[in-house]
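Participant: Sharing a structure with you now.
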Ligand code: ADE
Ligand code: ZN
(Lines give C-alpha, C1' and ligand atoms only; values in the text may rest on other atoms or scores of the structure.)
(Ligands and ions follow the chains in the order given, each with its own letter.)
Protein backbone atom coordinates (compact mmCIF):
# COMPACT_ATOMS: atom_id res chain seq x y z
CA UNK A 1 0.00 0.00 0.00
CA UNK A 2 2.76 2.47 0.96
CA UNK A 3 4.64 1.97 -2.31
CA UNK A 4 1.44 2.46 -4.28
CA UNK A 5 0.55 5.63 -2.36
CA UNK A 6 3.91 7.11 -3.36
CA UNK A 7 3.83 5.80 -6.94
CA UNK A 8 0.35 6.95 -7.95
CA UNK A 9 0.31 10.25 -9.83
CA UNK A 10 -1.60 12.62 -7.57
CA UNK A 11 -2.73 16.24 -7.45
CA UNK A 12 -2.73 18.32 -4.29
CA UNK A 13 -5.55 20.89 -4.27
CA UNK A 14 -5.64 22.17 -0.71
CA UNK A 15 -2.37 23.29 0.83
CA UNK A 16 -1.57 26.66 2.37
CA UNK A 17 1.99 27.53 1.37
CA UNK A 18 2.50 29.31 4.69
CA UNK A 19 1.43 26.05 6.33
CA UNK A 20 4.32 24.24 4.67
CA UNK A 21 6.86 26.35 6.59
CA UNK A 22 8.90 23.74 8.45
CA UNK A 23 10.40 24.72 11.83
CA UNK A 24 13.94 24.38 10.39
CA UNK A 25 13.27 26.97 7.65
CA UNK A 26 11.29 29.09 10.12
CA UNK A 27 14.30 29.33 12.44
CA UNK A 28 16.68 29.95 9.55
CA UNK A 29 14.56 32.82 8.20
CA UNK A 30 14.06 34.28 11.69
CA UNK A 31 17.81 34.45 12.13
CA UNK A 32 18.41 35.89 8.67
CA UNK A 33 15.67 38.50 9.05
CA UNK A 34 16.55 39.24 12.69
CA UNK A 35 13.17 38.32 14.11
CA UNK A 36 12.98 37.32 17.76
CA UNK A 37 10.98 34.12 18.24
CA UNK A 38 9.01 33.15 21.34
CA UNK A 39 10.63 29.67 21.18
CA UNK A 40 14.27 28.96 21.93
CA UNK A 41 14.65 25.82 19.84
CA UNK A 42 13.10 23.86 16.99
CA UNK A 43 12.13 21.17 19.50
CA UNK A 44 10.35 23.68 21.71
CA UNK A 45 8.49 25.08 18.72
CA UNK A 46 7.38 21.62 17.61
CA UNK A 47 6.06 20.95 21.12
CA UNK A 48 3.77 23.98 20.74
CA UNK A 49 2.08 22.31 17.76
CA UNK A 50 -0.81 20.89 19.82
CA UNK A 51 -4.22 22.28 19.11
CA UNK A 52 -7.76 21.86 20.42
CA UNK A 53 -9.40 23.76 17.58
CA UNK A 54 -8.79 25.78 14.42
CA UNK A 55 -8.24 29.12 16.18
CA UNK A 56 -5.45 27.78 18.40
CA UNK A 57 -3.66 26.61 15.27
CA UNK A 58 -4.23 29.86 13.37
CA UNK A 59 -2.71 31.93 16.20
CA UNK A 60 0.59 30.03 15.85
CA UNK A 61 0.40 29.83 12.04
CA UNK A 62 0.10 33.63 11.68
CA UNK A 63 3.02 34.18 14.05
CA UNK A 64 5.18 31.69 12.16
CA UNK A 65 4.47 33.39 8.83
CA UNK A 66 6.04 36.63 10.11
CA UNK A 67 9.53 35.28 9.39
CA UNK A 68 8.73 35.46 5.66
CA UNK A 69 9.95 38.85 4.47
CA UNK A 70 11.66 38.89 1.08
CA UNK A 71 10.77 37.59 -2.36
CA UNK A 72 13.50 34.97 -1.95
CA UNK A 73 11.92 33.78 1.34
CA UNK A 74 8.66 33.09 -0.50
CA UNK A 75 10.59 31.37 -3.28
CA UNK A 76 12.44 29.14 -0.78
CA UNK A 77 9.20 28.27 1.04
CA UNK A 78 7.47 27.24 -2.19
CA UNK A 79 10.49 25.43 -3.57
CA UNK A 80 10.86 23.30 -0.43
CA UNK A 81 7.20 22.29 -0.77
CA UNK A 82 7.65 21.33 -4.43
CA UNK A 83 10.71 19.20 -3.65
CA UNK A 84 8.60 17.29 -1.13
CA UNK A 85 5.85 16.87 -3.74
CA UNK A 86 8.38 15.36 -6.12
CA UNK A 87 9.36 12.78 -3.48
CA UNK A 88 5.74 11.76 -3.06
CA UNK A 89 4.52 11.40 -6.63
CA UNK A 90 2.57 14.66 -6.80
CA UNK A 91 2.32 15.73 -10.45
CA UNK A 92 0.11 18.80 -10.12
CA UNK A 93 -0.49 21.31 -7.30
CA UNK A 94 -3.00 24.08 -6.67
CA UNK A 95 -1.62 25.72 -3.53
CA UNK A 96 -3.12 28.79 -1.88
CA UNK A 97 -1.48 31.68 -0.09
CA UNK A 98 -2.77 34.35 2.30
CA UNK A 99 -1.49 37.74 1.01
CA UNK A 100 -3.15 39.72 3.81
CA UNK A 101 -0.95 38.03 6.45
CA UNK A 102 1.99 39.67 4.72
CA UNK A 103 0.67 42.95 3.33
CA UNK A 104 -0.88 43.83 6.72
CA UNK A 105 2.65 43.86 8.19
CA UNK A 106 4.09 45.96 5.40
CA UNK A 107 5.43 43.29 3.02
CA UNK A 108 5.05 44.20 -0.64
CA UNK A 109 2.37 42.15 -2.44
CA UNK A 110 4.66 41.81 -5.45
CA UNK A 111 7.45 40.23 -3.37
CA UNK A 112 5.03 37.59 -2.11
CA UNK A 113 3.45 36.60 -5.40
CA UNK A 114 6.63 36.93 -7.48
CA UNK A 115 8.58 34.68 -5.12
CA UNK A 116 5.86 32.04 -5.12
CA UNK A 117 5.25 32.24 -8.89
CA UNK A 118 8.94 31.99 -9.75
CA UNK A 119 9.26 28.80 -7.70
CA UNK A 120 6.10 27.34 -9.28
CA UNK A 121 7.47 28.12 -12.77
CA UNK A 122 10.79 26.43 -11.86
CA UNK A 123 8.81 23.47 -10.49
CA UNK A 124 7.09 23.06 -13.83
CA UNK A 125 10.40 23.33 -15.73
CA UNK A 126 12.72 21.22 -13.60
CA UNK A 127 10.43 18.94 -11.57
CA UNK A 128 7.61 18.49 -14.12
CA UNK A 129 5.04 19.54 -11.53
CA UNK A 130 2.32 21.70 -13.07
CA UNK A 131 0.46 24.23 -10.93
CA UNK A 132 -2.23 26.84 -10.52
CA UNK A 133 -2.03 29.32 -7.66
CA UNK A 134 -5.02 30.30 -5.49
CA UNK A 135 -5.19 33.67 -3.72
CA UNK A 136 -7.09 33.27 -0.44
CA UNK A 137 -8.87 35.98 1.54
CA UNK A 138 -8.80 35.92 5.35
CA UNK A 139 -12.43 35.66 6.45
CA UNK A 140 -11.84 37.16 9.93
CA UNK A 141 -11.01 40.43 8.15
CA UNK A 142 -13.57 42.64 6.39
CA UNK A 143 -14.89 42.24 2.87
CA UNK A 144 -13.47 45.71 2.22
CA UNK A 145 -9.98 44.38 2.99
CA UNK A 146 -10.58 41.45 0.61
CA UNK A 147 -11.67 43.89 -2.12
CA UNK A 148 -8.50 45.94 -1.62
CA UNK A 149 -6.42 42.76 -1.81
CA UNK A 150 -8.10 41.74 -5.06
CA UNK A 151 -7.39 45.20 -6.51
CA UNK A 152 -3.75 44.93 -5.41
CA UNK A 153 -3.50 41.53 -7.10
CA UNK A 154 -4.81 42.61 -10.49
CA UNK A 155 -1.42 43.61 -11.95
CA UNK A 156 -0.39 39.98 -11.24
CA UNK A 157 -3.55 38.47 -12.71
CA UNK A 158 -1.65 35.96 -14.88
CA UNK A 159 -0.08 34.40 -11.78
CA UNK A 160 -3.26 33.07 -10.15
CA UNK A 161 -6.23 31.07 -11.32
CA UNK A 162 -8.72 31.28 -8.46
CA UNK A 163 -9.58 33.00 -5.22
CA UNK A 164 -10.32 31.22 -1.95
CA UNK A 165 -11.55 31.90 1.58
CA UNK A 166 -9.84 30.70 4.75
CA UNK A 167 -9.02 31.50 8.41
CA UNK A 168 -11.47 31.47 11.35
CA UNK A 169 -14.66 29.91 10.03
CA UNK A 170 -17.14 30.26 12.91
CA UNK A 171 -18.89 33.64 12.84
CA UNK A 172 -17.57 34.47 9.35
CA UNK A 173 -20.05 32.97 6.86
CA UNK A 174 -19.40 32.91 3.11
CA UNK A 175 -22.20 35.46 2.58
CA UNK A 176 -19.89 38.10 4.09
CA UNK A 177 -17.76 37.81 0.91
CA UNK A 178 -20.49 37.72 -1.76
CA UNK A 179 -19.44 40.94 -3.47
CA UNK A 180 -15.70 40.25 -3.71
CA UNK A 181 -16.33 36.74 -5.02
CA UNK A 182 -18.74 38.11 -7.65
CA UNK A 183 -16.07 40.57 -8.70
CA UNK A 184 -13.47 37.81 -8.91
CA UNK A 185 -15.78 35.72 -11.09
CA UNK A 186 -16.38 38.70 -13.38
CA UNK A 187 -12.60 38.87 -13.82
CA UNK A 188 -12.62 35.27 -15.01
CA UNK A 189 -11.27 33.80 -11.78
CA UNK A 190 -12.51 30.50 -10.40
CA UNK A 191 -13.58 30.34 -6.77
CA UNK A 192 -13.12 27.94 -3.86
CA UNK A 193 -13.87 28.36 -0.15
CA UNK A 194 -13.24 26.64 3.15
CA UNK A 195 -16.64 25.57 4.46
CA UNK A 196 -17.89 22.91 6.84
CA UNK A 197 -14.50 22.39 8.50
CA UNK A 198 -15.66 23.57 11.94
CA UNK A 199 -18.60 25.61 10.73
CA UNK A 200 -22.20 24.50 10.09
CA UNK A 201 -23.57 22.94 6.89
CA UNK A 202 -25.30 26.25 6.19
CA UNK A 203 -21.86 27.66 5.29
CA UNK A 204 -21.43 24.93 2.66
CA UNK A 205 -24.80 25.80 1.11
CA UNK A 206 -23.78 29.47 1.07
CA UNK A 207 -20.42 28.72 -0.54
CA UNK A 208 -22.24 26.86 -3.32
CA UNK A 209 -25.16 29.25 -3.81
CA UNK A 210 -23.63 32.64 -3.05
CA UNK A 211 -19.93 32.25 -3.86
CA UNK A 212 -20.52 29.77 -6.71
CA UNK A 213 -17.44 27.77 -5.82
CA UNK A 214 -15.84 25.15 -8.06
CA UNK A 215 -14.71 23.18 -4.97
CA UNK A 216 -15.34 23.13 -1.24
CA UNK A 217 -12.24 23.04 0.99
CA UNK A 218 -12.87 20.51 3.78
CA UNK A 219 -16.69 20.16 3.69
CA UNK A 220 -16.65 17.15 6.00
CA UNK A 221 -19.67 18.44 7.97
CA UNK A 222 -21.82 17.83 4.86
CA UNK A 223 -22.11 14.17 5.85
CA UNK A 224 -24.83 15.03 8.39
CA UNK A 225 -27.11 16.74 5.81
CA UNK A 226 -28.75 14.31 3.40
CA UNK A 227 -30.02 16.97 0.99
CA UNK A 228 -26.56 18.52 0.80
CA UNK A 229 -24.92 15.12 0.30
CA UNK A 230 -27.29 14.47 -2.60
CA UNK A 231 -26.44 17.82 -4.15
CA UNK A 232 -22.68 17.22 -3.84
CA UNK A 233 -23.13 13.84 -5.50
CA UNK A 234 -25.45 15.13 -8.26
CA UNK A 235 -23.14 18.03 -9.10
CA UNK A 236 -19.94 16.02 -8.54
CA UNK A 237 -18.79 18.95 -6.42
CA UNK A 238 -15.26 18.20 -5.18
CA UNK A 239 -14.37 18.33 -1.48
CA UNK A 240 -10.68 18.85 -0.68
CA UNK A 241 -10.47 16.85 2.53
CA UNK A 242 -7.46 16.99 4.86
CA UNK A 243 -7.41 13.96 7.17
CA UNK A 244 -4.41 14.82 9.38
CA UNK A 245 -5.59 18.42 9.73
CA UNK A 246 -9.03 17.20 10.80
CA UNK A 247 -7.66 15.00 13.57
CA UNK A 248 -5.02 17.53 14.72
CA UNK A 249 -7.71 20.25 14.98
CA UNK A 250 -10.18 17.84 16.65
CA UNK A 251 -12.77 17.94 13.88
CA UNK A 252 -12.72 14.13 14.33
CA UNK A 253 -11.66 12.55 17.62
CA UNK A 254 -9.59 9.94 15.78
CA UNK A 255 -8.73 8.92 12.21
CA UNK A 256 -10.86 5.79 12.54
CA UNK A 257 -13.89 8.11 12.86
CA UNK A 258 -13.09 10.05 9.68
CA UNK A 259 -15.93 10.01 7.14
CA UNK A 260 -13.91 10.40 3.92
CA UNK A 261 -14.21 6.78 2.77
CA UNK A 262 -17.94 6.70 3.53
CA UNK A 263 -18.33 9.84 1.44
CA UNK A 264 -16.25 8.29 -1.33
CA UNK A 265 -18.42 5.16 -1.32
CA UNK A 266 -21.56 7.30 -1.52
CA UNK A 267 -20.17 8.90 -4.70
CA UNK A 268 -18.95 12.25 -3.37
CA UNK A 269 -15.86 13.52 -5.22
CA UNK A 270 -13.59 13.63 -2.17
CA UNK A 271 -9.83 14.22 -2.47
CA UNK A 272 -6.91 13.85 -0.01
CA UNK A 273 -4.78 16.88 0.86
CA UNK A 274 -2.37 18.10 3.52
CA UNK A 275 -3.71 21.61 4.40
CA UNK A 276 -0.76 22.76 6.58
CA UNK A 277 1.73 19.90 6.40
CA UNK A 278 4.45 21.47 8.57
CA UNK A 279 1.96 21.79 11.44
CA UNK A 280 -0.17 18.67 11.12
CA UNK A 281 2.36 15.87 10.85
CA UNK A 282 2.99 15.36 7.18
CA UNK A 283 2.50 15.94 3.49
CA UNK A 284 0.10 14.26 1.10
CA UNK A 285 1.57 10.75 1.35
CA UNK A 286 1.33 10.89 5.16
CA UNK A 287 -2.34 11.77 4.79
CA UNK A 288 -3.03 8.78 2.52
CA UNK A 289 -0.96 6.60 4.86
CA UNK A 290 -2.93 7.75 7.91
CA UNK A 291 -6.15 6.72 6.17
CA UNK A 292 -4.71 3.37 5.08
CA UNK A 293 -3.59 2.68 8.65
CA UNK A 294 -6.75 3.68 10.53
CA UNK A 295 -9.41 2.62 8.04
CA UNK A 296 -9.93 -0.45 5.85
CA UNK A 297 -8.98 1.41 2.67
CA UNK A 298 -8.88 -0.78 -0.43
CA UNK A 299 -6.62 -0.32 -3.45
CA UNK A 300 -9.72 0.50 -5.47
CA UNK A 301 -10.60 3.30 -3.04
CA UNK A 302 -7.00 4.55 -3.04
CA UNK A 303 -6.94 4.74 -6.83
CA UNK A 304 -10.32 6.47 -6.90
CA UNK A 305 -9.00 9.10 -4.47
CA UNK A 306 -6.02 9.71 -6.77
CA UNK A 307 -8.30 9.90 -9.83
CA UNK A 308 -10.59 12.32 -7.97
CA UNK A 309 -7.62 14.59 -7.19
CA UNK A 310 -6.89 14.91 -10.91
CA UNK A 311 -10.55 15.24 -11.93
CA UNK A 312 -11.17 17.93 -9.30
CA UNK A 313 -8.19 19.99 -10.46
CA UNK A 314 -8.38 22.98 -12.81
CA UNK A 315 -6.32 21.16 -15.47
CA UNK A 316 -7.72 20.84 -19.00
CA UNK A 317 -9.47 17.63 -20.06
CA UNK A 318 -6.51 16.31 -22.05
CA UNK A 319 -3.99 16.71 -19.21
CA UNK A 320 -6.46 15.12 -16.79
CA UNK A 321 -6.88 12.11 -19.06
CA UNK A 322 -3.11 11.62 -19.38
CA UNK A 323 -2.69 11.52 -15.60
CA UNK A 324 -5.71 9.28 -15.07
CA UNK A 325 -4.47 6.79 -17.69
CA UNK A 326 -1.24 6.50 -15.68
CA UNK A 327 -3.13 5.99 -12.40
CA UNK A 328 -5.11 3.14 -13.95
CA UNK A 329 -1.99 1.27 -15.07
CA UNK A 330 0.07 1.92 -11.89
CA UNK A 331 0.55 -0.90 -9.37
N1 LIG B 1 -5.53 28.62 7.11
C2 LIG B 1 -4.56 27.71 7.13
N3 LIG B 1 -5.07 26.51 7.42
C4 LIG B 1 -6.40 26.65 7.58
C5 LIG B 1 -7.48 25.78 7.87
N6 LIG B 1 -7.30 24.49 8.08
N7 LIG B 1 -8.71 26.30 7.97
C8 LIG B 1 -8.90 27.60 7.79
N9 LIG B 1 -7.94 28.47 7.50
C10 LIG B 1 -6.69 28.00 7.39
ZN1 ZN C 1 -7.11 24.86 4.59
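Participant: Residue by residue through segment 1-56, note down the ones that are away from ligand 1 (no atom under 15 Å from the Cβ) and in contact with a strand residue (DSSP E or B) (Cβ under 8 Å, 6 or more places away or on another chain).
Facilitator: Result: 9, 10, 11.
One line per residue, one yes/no per condition, for (1) under 15 Å from residue 278 (Cβ atoms); (2) crowded, with 17+ Cβ neighbours inside 10 Å:
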| residue | (1), (2) |
| --- | --- |
| 5 | no, yes |
| 35 | no, no |
| 47 | yes, no |
| 71 | no, yes |
| 78 | yes, yes |
| 81 | yes, yes |
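Participant: Suppose the filter is at pLDDT 95 or above, crowded, with 21+ Cβ neighbours inside 10 Å and more than 16 Å from ligand 1 (Cβ to nearest atom); does residue 142 pass it?
Facilitator: So residue 142 fails the test.
Participant: From the residues in segment 176-205 that are away from ligand 1 (no atom under 16 Å from the Cβ) and within 19 Å of residue 227 (Cβ to Cβ), which one is surrounded by the fewest Cβ atoms within 10 Å (Cβ to Cβ)?
Facilitator: 202
Participant: Would you pick out the residues in segment 311-326 that are surrounded by fewer than 21 Cβ atoms within 10 Å (Cβ to Cβ) and touching a residue at least 40 places away in the same chain (Cβ under 8 Å)?
Facilitator: Passing the criteria: 311, 314, 315, 319, 326.
Participant: Let me ask something else. On the basis of being surrounded by 22 or more Cβ atoms within 10 Å (Cβ to Cβ) and within 16 Å of ligand 2 (Cβ to nearest atom), does residue 308 make the cut? Give the steps one after another, and end with the answer.
Facilitator: Details: surrounded by 22 or more Cβ atoms within 10 Å (Cβ to Cβ): yes; within 16 Å of ligand 2 (Cβ to nearest atom): no.
It is false that residue 308 is surrounded by 22 or more Cβ atoms within 10 Å (Cβ to Cβ) and within 16 Å of ligand 2 (Cβ to nearest atom).
Participant: Residues of segment 10-44 being within 18 Å of the chain's Cα centre (by Cα) and away from ligand 2 (no atom under 16 Å from the Cβ), which ones?
Facilitator: 10, 22, listed by residue number.
The values are calculated or read from the model by the stated rules, or taken from the named source; none is laboratory data. Note that the structure is predicted; figures quoted are calculated from it, not measured. In this analysis, Cβ positions are derived from the backbone assuming ideal geometry, glycine residues included, and neighbour counts consider all displayed protein chains.
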